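Here is the structure we will look at, set down as structure tokens.
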Amino acid sequence: MFKKILIANRGEIACRVIRTAKKMGIATVAVYSEADREALHVRLADEAVAIGPAPSAQSYLVIDKILEACRATGAEAVHPGYGFLSENAAFAKALDKAGIAFIGPNIEAIAAMGDKIESKKLAAKAGVSTVPGHIGVIADTDEAVKIAREIGYPVMIKASAGGGGKGMRIARGDDEVADGFRSATSEAKSSFADDRVFIEKFIEEPRHIEIQVLADGQGTTIHLGERECSIQRRHQKVIEEAPSPFLDEETRAAMGAQAVTLAEAVKYRSAGTVEFIVDRHRNFYFLEMNTRLQVEHPVTEMVTGIDLVEQMIRVAAGEKLAIRQGDVTLGGWAIEARVYAEDPYRNFLPSIGRLIRYRAPDDEDGEGHVRVDTGVGEGAEISMFYDPMIAKLVAYGADRPEAIERLARALDAYYVRGVEHNMGFLAAVIRHPRFAEGRLSTDFIADEYPDGFGGAPADPDDRAVLIAVAAAINAATRERDAGISGQMPNRTLAANGEWTVKIDGDYVDLEVTGEPSDCEVVMEFAGEERAIPVLTGWVPGEPLFEGQVGGRQVCVQIDTVGAGWRLHYAGLRADVLVVDRIVGILARRMPEKEPPDTSNLVLAPMPGLLVSLAVEVGQVVKAGEEVAVVEAMKMENILRADRDGTVKALHAEAGANLSVDQPIVEFE
């Protein structure tokens, strides 16, 4: 067994690998860029080596710097994590030449599966079911349109060297093929230095289901069941679970057998994932093979009890698998939610900055049923240079409903401030009736949130909880304030009594009786009178309100906003203000301030680089025409005019670094 390994990665996956290495008694070496000097993975490792400036192209992607770090520290092996150099055959070859073990697959498998065009040819030859399409290199737009017509719309345009949703477009007509081919090739070139794309049939109502394989390269290849990864946004996974609520035993066995066949065809070694697209009739087609550890591997670990990182290390050290197919059993259910620094209320704009408050949820019963894989902590920075993931939050249950409920409670209790995050959106998704029923597809988010995310549906019971919590925290705050010295004589601050709660523009009259920690809130709400008991140990200043509201155990996040509070619960975000009843009567008569009109402006939807401008002053533009292209997080976003108009002014030039809502184009 290795005595020392180097992790050629950063963030949560570097921390994840370090955790298993420590369990195995293996010393670890971290590498870091200038931006990651104080990162968590650097502090957790036994040694750390600086490898260059913040941009990954000058640090984490430089093979020579990784090799030098290995030589300097005496690391015998390298675990690449995922992303960066994890599927780079040249990197594996360079390590082999230097006599350093690669904790991953054989070089031939990486090369064969790293090219989507060649991998589909190889899969078809091995008898694996593949999606109908043209898997040759496409020369230009005209050829792309011709091929798309032959296949039949809709089609998917995909980068041959792609991954993570980059260089991927769906097209439903000739014009969309032309636009998609141009943007996909451009995006693929900038992300992978390879502009080749191919076209295949787009499966309607598709599910994305993948099979985890494990092989020792010495004759044993097994699969560890499936993961359902259908909840995606812009082709990037958001929520994953194991097992799939859709597969039956027959389909699971057939998919597993084909995944093993493909792995054996390339003499695979280590952990890998074979991804399939599955239609409504459980027909499945090979998509690609990821020759690395997947982001979503924890759900497989939780339902099988197998540490995939440990198995990768043991196989790389020359050990045979001690597990056989008959040893693999799937027990219980696990669901993972990817927590990102992005604002779902603003079309998921990336959010960068420092985590000024960070409190991860506890494993509620100490049984390992809630797992947080993260590479950050309080005070850490979400950088513009890397993926904005905060953590992977995973919950386990005896069955799917229990796993969903545990994940929901964990999301409510996960407190992060300093950057925007997507936890309210994740909470809304897993509480959605369609999700609970298991009616999933890769179109789930587009179908259920066609106009973007504006918060969870206003469920009357959940809103009643927020109103009762607002009344209780107002009572506790006033009780504390009543004890402050120097108060006006003959004026006592009452903790209970009659109040009015303003919640997102609506007014609710209520009465609070009892002590703030054990009170009853009586309100007229949703056409009926409700008496809601509240039992809590909350004290002013605590960011989490935990207790029982109406007999329901809840955790509500609290932020102070002006004279009121912003409450977060179950995917809802509500601004509340509690005032005296007479003030509430008068407040109802106050006019609402209207926001400024920006309908004649094209604004930057996110921080990013203005790649190009397609218009000039005086130009007449029709609705739907391209106006500008903004690149953010290596993804190109085409901004289009939402109405006809004439360009009055350009407020930014190509090459400019844009901030959120910065004006780009102004129309007359």
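The values are calculated or read from the model by the stated rules, or taken from the named source; none is laboratory data. Here the structure is a predicted model, which means the values were calculated and not measured. Because the Cβ atoms are built from the backbone with ideal geometry, glycine has one as well, and the counts that use them run over all protein chains shown. Heads up: the accessible areas ignore ligands, DNA and RNA and are worked out on the full protein's heavy atoms, side chains in. Shrake-Rupley method; radii C 1.70, N 1.55, O 1.52, S 1.80 Å.
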Filter region 562-572 for residues that are modelled with pLDDT under 95, open to solvent by 10 Å² or more (accessible area, probe 1.4 Å) and of a type in the set (A, V, I, L, M, F, W, C); the one that is farthest from residue 471 (Cα to Cα) is 572
Within region 324-338, does at least one residue satisfy the condition of being surrounded by fewer than 16 Cβ atoms within 10 Å (Cβ to Cβ) and of a type in the set (D, E, K, R)? yes
Single residue of region 623-633 satisfying the filter (part of a strand (DSSP E or B) and not charged (D, E, K, R)) that is surrounded by the fewest Cβ atoms within 10 Å (Cβ to Cβ): 632
Listed residues 50, 8; which is closer than 18 Å to residue 67 by Cβ and surrounded by fewer than 22 Cβ atoms within 10 Å (Cβ to Cβ)? 50
Looking for whichever is in contact with a Lys or Arg (Cβ under 6 Å, 6 or more places away or on another chain), of a type outside the set (Ser, Thr, Tyr) and either at pLDDT below 90 or surrounded by fewer than 19 Cβ atoms within 10 Å (Cβ to Cβ) (or both) here; the options are 136, 165, 173, 152. Which one fits? 165
Considering residues that are open to solvent by 10 Å² or more (accessible area, probe 1.4 Å) and either polar (S, T, N, Q) or in a helix (DSSP H, G or I) (or both), the number found within region 61-78 is 8
Quick check on this structure: which one of 205, 187, 228 is modelled with pLDDT under 90, crowded, with 21+ Cβ neighbours inside 10 Å and out of contact with any helix residue (DSSP H, G or I) (no Cβ under 6 Å at 6 or more places or on another chain)? 187
For region 634-655, name all the residues that are surrounded by fewer than 17 Cβ atoms within 10 Å (Cβ to Cβ) and assigned to a loop (DSSP other than H, G, I, E, B). 634, 642, 643, 644, 651, 653, 654, 655
Among (1) at pLDDT 95 or above; (2) under 25 Å from residue 137 (Cα atoms); (3) surrounded by fewer than 20 Cβ atoms within 10 Å (Cβ to Cβ), residue 235 falls short only on (1)
Just to be sure I understand the filter: pairs with C-beta atoms under 6 Å, separated by 6 or more residues or on different chains, first member in region 73-86 and over 18 Å from residue 19 (Cα atoms) and modelled with pLDDT of 95 or more, second member of a type in the set (A, V, I, L, M) and not in a loop (DSSP other than H, G, I, E, B). Which pairs pass? 73/29
Flagged in region 573-592 as open to solvent by less than 70 Å² (accessible area, probe 1.4 Å), among the β-branched types (Val, Ile, Thr) and more than 26 Å from residue 416 (Cβ to Cβ), in numbering order, are 579, 583
Being of a type outside the set (Phe, Trp, Tyr) and within 26 Å of residue 208 (Cβ to Cβ) is true for just one of 518, 443, 506. Which residue is that? 443
So which of 583, 660, 602, 620 is modelled with pLDDT under 95 and under 23 Å from residue 178 (Cα atoms)? 620
Residue within region 98-110 that is without any contact (Cβ under 8 Å) to a residue 24 or more places away in the chain, more than 30 Å from residue 182 (Cβ to Cβ) and not hydrophobic (A, V, I, L, M, F, W, C) present: yes
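Yes/no matrix, rows are residues, columns are (1) in contact (Cβ under 8 Å) with a residue 60 or more places away in the chain; (2) open to solvent by less than 70 Å² (accessible area, probe 1.4 Å); (3) not polar (S, T, N, Q):
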position	(1), (2), (3)
480	yes, no, yes
484	no, no, yes
493	no, yes, yes
498	yes, no, yes
502	yes, yes, yes
523	no, yes, yes
529	no, no, yes
545	yes, yes, yes
555	yes, yes, yes
Qualifying residue in region 79-93 (condition: polar (S, T, N, Q), assigned to a helix (DSSP H, G or I) and out of contact with any helix residue (DSSP H, G or I) (no Cβ under 7 Å at 6 or more places or on another chain)): no
Note on region 41-60: residues among the aliphatic types (A, V, I, L, M), in a helix (DSSP H, G or I) and at pLDDT below 95 are 57
Among residues of region 94-111, those that are farther than 18 Å from residue 271 by Cα, in a helix (DSSP H, G or I) and of a type outside the set (Gly, Ala, Ser), counted: 3
Just give me the residues in region 353-405 being under 30 Å from residue 54 (Cα atoms), outside any strand (DSSP E or B) and either open to solvent by 50 Å² or more (accessible area, probe 1.4 Å) or in contact with a helix residue (DSSP H, G or I) (Cβ under 8 Å, 6 or more places away or on another chain) (or both), in sequence order. 356, 375, 376, 377, 378, 380, 383, 384, 385, 386, 387
Would you be able to tell me the number of residues in region 2-40 that are in a strand (DSSP E or B), over 23 Å from residue 384 (Cβ atoms) and either of a type in the set (A, V, I, L, M) or touching a residue at least 60 places away in the same chain (Cβ under 8 Å) (or both)? 5
Filtered residues of region 273-311 (kept if open to solvent by 10 Å² or more (accessible area, probe 1.4 Å), part of a loop (DSSP other than H, G, I, E, B) and touching a Pro at 6+ places or on another chain (Cβ under 8 Å)): 279, 292
Residue identified as assigned to a helix (DSSP H, G or I) and at pLDDT 90 or above among 143, 118: 143
Filtered residue count, region 656-668, keeping only those that are open to solvent by 20 Å² or more (accessible area, probe 1.4 Å), in a strand (DSSP E or B) and closer than 19 Å to residue 346 by Cβ: 2
Quick check on region 17-34: of everything there that is surrounded by fewer than 24 Cβ atoms within 10 Å (Cβ to Cβ) and not hydrophobic (A, V, I, L, M, F, W, C), which residue is farthest from residue 296 (Cα to Cα)? 34
Only listed residue being closer than 30 Å to residue 138 by Cβ, assigned to a strand (DSSP E or B) and of a type in the set (Gly, Ala, Ser), chosen from 191, 230, 270: 230
Please verify whether residue 303 is farther than 21 Å from residue 78 by Cα, modelled with pLDDT of 95 or more and among the β-branched types (Val, Ile, Thr), treating the condition exactly as stated. yes
Do we find that residue 314 is open to solvent by 30 Å² or more (accessible area, probe 1.4 Å), out of contact with any strand residue (DSSP E or B) (no Cβ under 7 Å at 6 or more places or on another chain) and at pLDDT 95 or above in this structure? yes
Count of region 424-437 residues which are out of contact with any Gly (no Cβ under 8 Å at 6 or more places or on another chain), open to solvent by 10 Å² or more (accessible area, probe 1.4 Å) and in contact (Cβ under 8 Å) with a residue 12 or more places away in the chain: 3
